[in-house]
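Right, one structure below, let's go through it.
The values are calculated or read from the model by the stated rules, or taken from the named source; none is laboratory data. Source: prediction; values computed, not measured. With ideal geometry, Cβ positions are generated from the backbone for all residues, glycine too; neighbour counts draw on all protein chains shown. Surface areas here come from the heavy atoms of the whole protein model, side chains and all, with no ligands, DNA or RNA. Shrake-Rupley method; radii C 1.70, N 1.55, O 1.52, S 1.80 Å.
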Amino acid sequence: MCIRDREDLLTMRSGQKDKLFFNESPERYVVKDWIDYFFNQEFTGNKNNWLYSNFCTYMVSCCIERVSGANLLEYLRYRFFEKIGITNPDWTLCPQGHVHAANGLYLTIDELSKFGELLRNYGYFNGEEVVPAEYLKLATSKLVDNSASYDNERIYRAKGYGYQFHINPESNSFHCAGKYGQFVVVSEQKGVVISVISFEEKYGKIGNNLYKEVIEKL
């Protein structure tokens, strides 16, 4: 897999025709080789189309493991997690022992907020550059147009996408989000990080409320 292919995975432009299973899907409990499953799906060949798929993130995790010789959790344990005060992270594995990456990372709200502070400071935490600032500025910029992928009900989506980050409606602002309402919202302009952990099936309303009732009124 070439460097450009990994960039396509990071920006959700793998060329998949359809989203693949993840989380609660029935295939999750049947398919054992997820890498083989990914490569045996139908691809359109059109990498200009943005399609959010957890399998893209999973495959990035597998690429890192292939190159480094350590799964994503072990690769990041001392290089990243411990440096921002997350001392004992736990991350769900697939049947063959590869880290899900797209989900299943268990953090407290305080730990999630530390991650947000690192993002707000573009890779710096307690004065140390943990992640290259140049990379994070690129990762949190609009690299892909995803405006055709969401309806108007979620006002915080469809404004662009970077390397695994959604671009927010306001300038110099971005967020990452997880199912059931896990959010880290960063606003450079307002100098804030907002972290949310919830268990809400209709989690789109949480994102909307963050912008209507919190961000816009700061």
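When the chain is fully extended, how far beyond the present Cα-Cα distance does Val192 get from Thr108, taking 0.36 nm per residue of separation? Don't jump to the answer; show the numbers that get you there.
Values: separation 84, 0.36 × 84 = 30.24 nm, distance 1.87 nm.
My answer for the length gained is 28.4 nm.
Give the label of the value calculated from the structure for log10 I(q)/I(0) by the Debye sum over Cα atoms at q = 0.11, 0.14, 0.17 Å⁻¹, choosing from (i) -0.59, -0.92, -1.23; (ii) -0.55, -0.93, -1.44; (iii) -0.69, -0.99, -1.22.
Answer label, from the structure shown: (ii).
In whole Å, what is the distance between the alpha-carbon centres of region 124-146 and region 3-75?
22
Over the chain, with the other protein chains present, what is the accessible area per residue in square angstrom, probe 1.4 angstrom?
Values: 11800 Å² over 218 residues.
For the chain, the solvent-accessible area averages 54 Å² per residue.
Ratio to report: Rg/Rh of region 165-218, with Cα atoms as the point set and Rh obtained by the Kirkwood method; give two decimals.
Working: Rg = 10.5 Å, Rh = 11.2 Å.
Rounded to two decimals, Rg over Rh is 0.94.
Taking θ = phi - 60°, what integer Hz values does the Karplus form 6.51 cos²θ - 1.76 cosθ + 1.60 yield along region 27-32, in sequence order, with x for Gly and Pro?
Result, rounded to whole Hz: 4, 3, 9, 10, 6, 9.
I want to check the label-to-label distance for Arg154 and Glu82. Put each point 7 Å from Cα in the C-beta direction and report it in nm to one decimal.
Placing both labels 7 Å along Cα→Cβ, they lie 3.6 nm apart.
What is region 89-160 by shape, rounded, prolate or oblate, if you read a ≥ b ≥ c off the alpha carbon gyration tensor as root eigenvalues and call it rounded for a/c under 1.5, prolate for a/b larger than b/c, and oblate otherwise?
On the way: a/c = 1.80, a/b = 1.14, b/c = 1.59.
Verdict is oblate for region 89-160.
Need one number: nm distance between label points at Glu128 and Gln96, each 7 Å from Cα along Cα→Cβ, rounded to one decimal.
Each label point is offset 7 Å from its Cα along the Cβ direction, giving 3.4 nm.
By what distance, in whole Å, do the Cα atoms of region 1-105 stretch along each of the three principal axes, largest value first?
Here the Cα extents, ordered largest to smallest, are 41, 31, 21 Å.
Would you kindly derive the ³J(HN,Hα) couplings of region 198-214 from the backbone phi angles with the Karplus curve 6.51 cos²θ - 1.76 cosθ + 1.60 (θ = phi - 60°), listing them in order in whole Hz, with x for Gly and Pro?
Working through the residues one at a time gives 8, 9, 10, 4, 8, 6, x, 5, 5, x, 4, 5, 4, 7, 6, 9, 10 Hz.
Dividing the alpha-carbon Rg of region 32-79 by 2.2 N^0.38 Å yields what?
Values: Rg = 13.1 Å, N = 48, 2.2 N^0.38 = 9.6 Å.
Here the Cα radius of gyration is 1.37 times the empirical estimate.
How long is the gain from Phe43 to Asp145 if the chain were fully straight, where each residue apart is worth 0.36 nm and the alpha carbon distance is subtracted?
Values: separation 102, 0.36 × 102 = 36.72 nm, distance 1.96 nm.
Contour length minus the Cα-Cα distance gives 34.8 nm.
If I build a Gaussian network model for the chain, linking alpha-carbon pairs within less than 10 angstrom, which residue out of Ser25, Ser149, Ser53 has the largest mean-square fluctuation?
Fluctuation is largest for Ser25.
Roughly how many percent of the accessible protein surface of region 68-218 is carbon and sulfur, given a 1.4 Å probe and a whole-percent answer? Present the calculation step by step, with values, prior to reporting the outcome.
Values: 3780 of 7940 Å².
Here carbon and sulfur together make up 48 percent of the probe-accessible area.
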